[in-house]
């Protein structure tokens, strides 16, 4: 076998190159398709929560960004103690972050506005696209800082460092303005302070109106996740923000379809190239095949010889193709996302199987043609 | 071995063999003579199971080879026949030993020692690991004979085995054939050379696909 392959070095090299070209592109696409879900999920998670928890039997209309997601009554709450369970669920690793929220209506300089008590650090981590000016609220124990939306800031003419007064049920609370932000949505009309402060102000200790959660949609099924959350937290209903979730899923599906079509196309082209190379190689060896037939070689043994050669070409082409493919995928990833792609060991056996499969399939027609060679003709040298 | 009314037509007008009949016994040496295009090689190919006649039947070593399926014919060639060709038809990238082992591989199991012994018996002990390109024509033909004999065939079929050899190598090869025949191997040789006919038990002469003469010694 080694002698046969080394005797036809140039043909073998051409066949290996055909496999490498096809497989490297397929391997790159495979690596990209493995990573694209996570990478785009992370990117898309810049656009906010994709699941929310609301109190059971909620009646007050609430919204997030440009989306409406139900109502809640003033008397309906989620128990804050239950919310810690979110971090113990099996999907906790795929949770970007979550934000417990307590809403109330306040007066700020004579205007009605929505006050949101939140964990500010978590709020920013699930909404990295929000443009924050100032330091925001640095820690969850901070009782002095407040951040206001751009519209309120403009109306009040407030600047960073100013003291703002918030009135709630006849009491006035003073805060330092440590940040303003612009979201282009309803948050621009809200005031944000630490959750703990808001709970004390409104005498709703340990209670929440909502929890916003952001999961990597490419890695978890949001609807299954919502069901699990609802089961684990008895005081809450879990709702998937379907517009966000569906557009993410649809985006990922489209990208993965494009990748699959490209990979199949590339592999088909590679299979044609390998078929042509193997056909030429067998044509050159028709005297040898004629001799084998004359010596009494049955089709099984002749096929075995050629398919073994094809497998060797497939393995060499597959391994080289994998290495080139990972390099190619990394280059693409660096250009697009500024991070190198993580080579996944699972790609190696998949790529090898693809490479062997391509060379095997590409060999079927030429080998069948070879077996139909008439030895009396080839041995005569015709 | 019995051939009865064998005809081979390539087209309606081209008859390679025309109603050829002949009978001979195990252990005999048959020489097939005739000019180019007379049907000698076609007859040899039919006896060896490489080709099938359009008419007639052929019994070789107890098999009606005209009735065998392609896979049975392949098995017949593997187990009953050894071929020696004028053009040698050795695989160029395999050594002498490996070329002999190739026939073993298709028959059963390749055995390097056995292949080397077969070559040594034909005086090629010093050429075991040589490639065909490193051997003389006489040596090439001896490798070809070793390959034909390695699976202990019942019939040795040789198509112009000395056609590419000088006189000295021709004598060496014919001597080997004589010894093999004396040991009981059936030999059928196709040749232009009438002198070779004198070595066998009998000879036939073909012209235009017909037997025009046969001589029993």
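Give the residues of region A:137-167 that are surrounded by 14 or more Cβ atoms within 10 Å (Cβ to Cβ), free of Cβ contacts under 8 Å to residues at least 40 places away in the same chain and not in a loop (DSSP other than H, G, I, E, B), sorted by residue number.
A:150, A:151, A:153
Just need a number here: residues in region B:83-98 that are farther than 16 Å from residue B:157 by Cβ and under 17 Å from the mean Cα position of the chain (by Cα).
Keep residues of region B:83-98 that are farther than 16 Å from residue B:157 by Cβ, which gives B:90-98.
Filter again for under 17 Å from the mean Cα position of the chain (by Cα), leaving B:90.
Residues meeting the conditions: 1.
Return the residue satisfying two criteria in turn: it lies in region A:287-322 and is outside any loop (DSSP other than H, G, I, E, B) and free of Cβ contacts under 8 Å to residues at least 40 places away in the same chain, and of such residues it is farthest from the other protein chains (Cβ to nearest Cβ). First the steps, then the outcome.
Applying the first criterion (outside any loop (DSSP other than H, G, I, E, B)) to region A:287-322 yields A:287-294, A:299-322.
Now restrict to residues that are free of Cβ contacts under 8 Å to residues at least 40 places away in the same chain: A:288, A:292, A:300-301, A:304, A:319.
Working: A:288: 6, A:292: 7, A:300: 10, A:301: 6, A:304: 10, A:319: 25 Å.
Ranking the candidates gives A:319 first.
Name every residue in region B:83-97 that is modelled with pLDDT of 90 or more, in contact with a strand residue (DSSP E or B) (Cβ under 6 Å, 6 or more places away or on another chain) and facing chain A (nearest Cβ under 9 Å), in order of residue number.
Within region B:83-97, just B:83 meets the criteria.
Mind counting the residues in region B:8-27 that are in contact (Cβ under 8 Å) with a residue 60 or more places away in the chain and surrounded by 15 or more Cβ atoms within 10 Å (Cβ to Cβ)?
The total comes to 8.
Do we have residue B:33 as away from every other protein chain (no Cβ under 13 Å), crowded, with 17+ Cβ neighbours inside 10 Å, at pLDDT 90 or above and under 27 Å from residue B:182 (Cβ atoms) here? Steps first, answer last, please.
Working: away from every other protein chain (no Cβ under 13 Å): yes; crowded, with 17+ Cβ neighbours inside 10 Å: yes; at pLDDT 90 or above: yes; under 27 Å from residue B:182 (Cβ atoms): yes.
Judged against the criteria, residue B:33 is a match.
Take region B:62-82 and flag every residue that is more than 17 Å from the chain's Cα centre (by Cα) and more than 7 Å from every other protein chain (Cβ to nearest Cβ). Walk me through how you get there before you give the answer.
Residues of region B:62-82 that are more than 17 Å from the chain's Cα centre (by Cα), as a first pass: B:62-64, B:66-72.
Within region B:62-82, B:62, B:63, B:64, B:66, B:67, B:68, B:69, B:70, B:72 meet the criteria.
Quickly run through region A:183-207 and pick out the residues that are within 22 Å of residue A:143 (Cβ to Cβ) and not in a helix (DSSP H, G or I). First the steps, then the outcome.
Residues of region A:183-207 that are within 22 Å of residue A:143 (Cβ to Cβ), as a first pass: A:187, A:190-207.
Once the filter is applied, which keeps residues that are within 22 Å of residue A:143 (Cβ to Cβ) and not in a helix (DSSP H, G or I), region A:183-207 yields A:190, A:191, A:192, A:193, A:194, A:202, A:203, A:204, A:205, A:206, A:207.
Being away from every other protein chain (no Cβ under 14 Å) and part of a helix (DSSP H, G or I), is that true of even one residue in region A:369-381?
Our first condition is that a residue be away from every other protein chain (no Cβ under 14 Å); within region A:369-381, this holds for A:369-370.
Narrowing further to those that are part of a helix (DSSP H, G or I): A:369-370.
Yes; the residues of region A:369-381 include at least one that is away from every other protein chain (no Cβ under 14 Å) and part of a helix (DSSP H, G or I).
For the subset of region A:168-198 comprising residues that are free of Cβ contacts under 8 Å to residues at least 60 places away in the same chain and crowded, with 17+ Cβ neighbours inside 10 Å, which member is nearest to residue A:131 (Cα to Cα)?
Among residues in region A:168-198 that are free of Cβ contacts under 8 Å to residues at least 60 places away in the same chain and crowded, with 17+ Cβ neighbours inside 10 Å, the one nearest to residue A:131 (Cα to Cα) is A:181.
Tally time: how many residues in region B:41-55 are in a loop (DSSP other than H, G, I, E, B) and away from chain A (no Cβ under 13 Å)? Steps first, answer last, please.
Going through region B:41-55, the residues in a loop (DSSP other than H, G, I, E, B) turn out to be B:48-54.
Next, only the ones that are away from chain A (no Cβ under 13 Å) stay: B:54.
Adding up the residues that qualify gives 1.
Listed residues A:274, A:258; which is more than 14 Å from every other protein chain (Cβ to nearest Cβ) and either in contact with a strand residue (DSSP E or B) (Cβ under 8 Å, 6 or more places away or on another chain) or surrounded by 15 or more Cβ atoms within 10 Å (Cβ to Cβ) (or both)? So that I can check it myself, show each step before the final result.
Values: A:258 fails: either in contact with a strand residue (DSSP E or B) (Cβ under 8 Å, 6 or more places away or on another chain) or surrounded by 15 or more Cβ atoms within 10 Å (Cβ to Cβ) (or both).
Testing whether each residue is more than 14 Å from every other protein chain (Cβ to nearest Cβ) and either in contact with a strand residue (DSSP E or B) (Cβ under 8 Å, 6 or more places away or on another chain) or surrounded by 15 or more Cβ atoms within 10 Å (Cβ to Cβ) (or both) leaves just A:274.
Which one of these is closer than 22 Å to residue B:45 by Cα, more than 13 Å from every other protein chain (Cβ to nearest Cβ) and surrounded by fewer than 22 Cβ atoms within 10 Å (Cβ to Cβ): B:135, B:174? Walk me through it before giving the result.
Details: B:135 fails: closer than 22 Å to residue B:45 by Cα.
Just one listed residue meets the conditions, B:174.
What number goes with the only condition from (1) within 30 Å of residue A:268 (Cβ to Cβ); (2) at pLDDT below 80; (3) surrounded by fewer than 22 Cβ atoms within 10 Å (Cβ to Cβ) that residue A:75 does not pass?
Exception for residue A:75: condition (1).
Six or more apart or on different chains, Cβ atoms under 6 Å: show the pairs whose first residue is in region B:183-208 and in contact (Cβ under 8 Å) with a residue 24 or more places away in the chain and whose second is surrounded by fewer than 17 Cβ atoms within 10 Å (Cβ to Cβ) and in a strand (DSSP E or B).
So the pair list comes out as B:202/B:215; B:202/B:216; B:203/B:215; B:204/B:214; B:205/B:212; B:205/B:213.
Given the criterion closer than 21 Å to residue B:45 by Cβ, out of contact with any strand residue (DSSP E or B) (no Cβ under 6 Å at 6 or more places or on another chain), surrounded by 19 or more Cβ atoms within 10 Å (Cβ to Cβ) and modelled with pLDDT of 90 or more, identify the matching residue among B:206, B:157, B:185. Break it down into steps so the answer makes sense when it comes.
Details: B:157 fails: out of contact with any strand residue (DSSP E or B) (no Cβ under 6 Å at 6 or more places or on another chain); B:185 fails: out of contact with any strand residue (DSSP E or B) (no Cβ under 6 Å at 6 or more places or on another chain).
Within the list B:206, B:157, B:185, the selection yields B:206.
Return the residues of region A:159-182 that are within 41 Å of the chain's Cα centre (by Cα) and under 18 Å from residue A:142 (Cβ atoms); say none if nothing qualifies. Reasoning before the result, please.
Narrowing region A:159-182 to residues within 41 Å of the chain's Cα centre (by Cα): A:159-161, A:175-182.
If the condition is that a residue be within 41 Å of the chain's Cα centre (by Cα) and under 18 Å from residue A:142 (Cβ atoms), then A:160, A:161, A:175, A:176, A:177, A:178, A:179, A:180, A:181 are the ones that fit.
Determine if region A:208-219 includes at least one residue that is assigned to a strand (DSSP E or B) and either modelled with pLDDT under 90 or on the phi > 0 side of the Ramachandran plot (or both). Even if it seems obvious, please write down each step before you answer.
Step one: list which residues in region A:208-219 are assigned to a strand (DSSP E or B), which gives A:208, A:210-215.
Filter once more, so that each one left must be either modelled with pLDDT under 90 or on the phi > 0 side of the Ramachandran plot (or both): A:214-215.
Yes, some residue in region A:208-219 is assigned to a strand (DSSP E or B) and either modelled with pLDDT under 90 or on the phi > 0 side of the Ramachandran plot (or both).
Within region B:59-72, work out how many residues are over 18 Å from residue A:294 (Cα atoms) and either touching a residue at least 40 places away in the same chain (Cβ under 8 Å) or in contact with a helix residue (DSSP H, G or I) (Cβ under 6 Å, 6 or more places away or on another chain) (or both).
Summing the residues that are over 18 Å from residue A:294 (Cα atoms) and either touching a residue at least 40 places away in the same chain (Cβ under 8 Å) or in contact with a helix residue (DSSP H, G or I) (Cβ under 6 Å, 6 or more places away or on another chain) (or both) in region B:59-72 gives 1.
The values are calculated or read from the model by the stated rules, or taken from the named source; none is laboratory data. Here the structure is a predicted model, which is why all the values come from computation and not from measurement. Reconstructed Cβ throughout: ideal geometry from the backbone, glycine too, with neighbour counts over all protein chains shown.
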